Amino acid sequence: MSRIGKKPIDIPANVEVNIDASNFIRVKGPKGILERKLADGLKIEIANNKITVSRPNDLKKFRALHGLTRTLINNMVIGVTDGYSKILEINGVGYRAAKSGNKLTLTLGYSHPVIMIDPDGLSTTVEQNKITVTGMDKEKVGQYAADIRSKRPPEPYKGKGIKYSDEYIRRKVGKTGKK
C-alpha cells in the first residue's frame, strides 16, 4: 500500500467537497472553487468529514496513481482554505521589479523591460527585491513562479538573477589572469 495514498484527508468545517461518478472533484472553500478531473478506476469516498482514496487492485498503473490522487485532492483542500505562495528574490545591480495593476514589470539588464501579466486566480506583490506569487492552485503558483524565474535565472559566478527564497546557488570561482 502507498503510505501517502492510504492517509485520510480531513475536510475542514468551511470546505465543501463534491465527487461525481466519473471522479470529477469540486472543492469549495473560503478562497474560492477548484475543480479537477481525477484518474478513473480509483475509488474516492467521503465519510465522517474525511476523504479516502483506495485502488481496486495492485496493478502498476493504480499503484502509481494512488498517492498522486490523494495528494492532488489534499492540495485542493489546502488551496481553498489557506492558499499557496512562492517567494522569489532578485539579486543584481539595477535588477528590480515593479507592479502596476495586474502587470509585473521586471528590469533585468536587458535592453527592454520584461512585462508579465498575472494569470487568472494568481496575484503578485513586490517588496524591494522580493516578488511573492500567491493563489489557491499549487500548480499554477509554482508554474508562474518558474516562468518569472526563467526570465533571468541566477548565474553561478556572482549570483545575479531571480532565485527562489529557499534556493541555494552553488558558486564557481572566476577565471584568474596569468601574470
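Quick notes on this structure:
- In region 110-117 there is at least one residue that is open to solvent by 70 Å² or more (accessible area, probe 1.4 Å), more than 27 Å from Lys172 (Cα to Cα), in contact (Cβ under 8 Å) with a residue 12 or more places away in the chain and aliphatic (A, V, I, L, M).
- Unique residue being under 23 Å from Pro12 (Cα atoms), crowded, with 16+ Cβ neighbours inside 10 Å and either in contact with a strand residue (DSSP E or B) (Cβ under 6 Å, 6 or more places away or on another chain) or not hydroxyl-bearing (Ser, Thr, Tyr) (or both) when the list is Val80, Val126, Val133: Val80
- Scanning region 30-46 for residues that are out of contact with any Gly (no Cβ under 8 Å at 6 or more places or on another chain), open to solvent by less than 60 Å² (accessible area, probe 1.4 Å) and either at pLDDT 95 or above or part of a strand (DSSP E or B) (or both) returns a single hit, Ile44.
- Residue in region 50-65 that is assigned to a loop (DSSP other than H, G, I, E, B), touching a Leu at 6+ places or on another chain (Cβ under 8 Å), at pLDDT below 95 and not polar (S, T, N, Q) present: yes
The values are calculated or read from the model by the stated rules, or taken from the named source; none is laboratory data. All values reported here derive from a predicted model rather than from experimental measurement. Neighbour counts are summed over all protein chains in view; Cβ atoms, including those assigned to glycine, are modelled from backbone coordinates with ideal geometry. We work out accessible area using only protein heavy atoms, side chains counted, and drop any ligands, DNA or RNA first. Shrake-Rupley method; radii C 1.70, N 1.55, O 1.52, S 1.80 Å.
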